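Report on one structure; see the data block that follows.
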Amino acid sequence: MPRKQNHRGDSLKTTLNINGRSQTVDCTGDTPLLYALRNDLGLNGPKFGCGMAQCGACTVHLDGAAARSCVTPVSAAVGMRITTVEGLGREGQPHPVQAAFIAEQAGQCGYCLSGMVMSAAALLRDNPDPSDADIRAALNGNLCRCGSHVRILRAVKRAAAAMKQEAA
């Protein structure tokens, strides 16, 4: 059976570590990770926004760091731990950032929410006690057109407090 082809060449089976599980995708190495996540694996948390790494809707974690999956080729993610918003928490036990965004009703349309949550979680992993300026800087590359920025800031602060309490 011939392999699928596209305008960029032959596709190859590539194994990625996504949300703690090995997953195989059939695509070219230069395929954006976002496409593999959404189209091949049905992980619809990361969104296609701008396609130029400027809106943050596609943010995932690569080895714990926030990364824009729309401009990250699949080949660059091989051997890395990829986490999407679907893998951040567990069924019935959301990550503290997810729980805080829900409690603060930080999302309206929800399009930016996945990227905001992933960026906030990466921030809090590296800086458990961020200032308002730290939060703004970490979320600066995530666009929200609904204007729920104040609630988003409150949610990140709530998550930081919850994570400190869990660690104590």
Only Lys, Arg (+1) and Asp, Glu (-1) charged, at Cβ; the chain dipole about Cα centre in debye: 240 debye
Length gained when the stretch residue 78-residue 125 is fully extended (0.36 nm per residue, less Cα-Cα span): 14.7 nm
Reciprocal mean inverse distance between Cα atoms of segment 96-167 - Kirkwood radius, Å: 11.7 Å
Cα pair distances in the chain, grouped into 10 Å bins until the bin that holds the longest one, percent each: 11, 39, 32, 14, 4, 1
Lysine pairs within the chain, Cα separation less than 25 Å, 8 or more sequence positions apart or different chains: 4
Cα-based equivalent ellipsoid, segment 19-111: semi-axes from gyration tensor eigenvalues, Å: 23, 16, 11
Added length on full extension, which subtracts the Cα-Cα distance from 0.36 nm per residue, residue 12 to residue 146: 44.3 nm
Under 13 Å, Cβ to Cβ, from residue 142 - net charge with Lys/Arg +1 and Asp/Glu -1: +4
Tilt relative to the chain, helix 149-167 - C-alpha long axis, 0 to 90 degrees, to 10: 90 degrees
Estimated dipole of segment 5-88 in Debye, rounded to 20 [Cβ of Lys and Arg +1, of Asp and Glu -1, Cα centre]: 120 debye
Extreme residue, positive dipole direction of segment 96-167, given options 162, 138, 150 (C-beta unit charges): 150
Difference of contour (0.36 nm per residue) and Cα-Cα distance, residue 24 to residue 168: 47.9 nm
Trypsin sites (Lys or Arg not before Pro) within segment 131-161: DSSP coil, no more than 16 neighbouring Cβ in 10 Å: 145
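No lab work stands behind these numbers, since they all come straight from the coordinates. Note that the structure is predicted; figures quoted are calculated from it, not measured. Note that each Cβ is placed from the backbone with ideal geometry, even for glycine, and that neighbours are counted across all protein chains shown.
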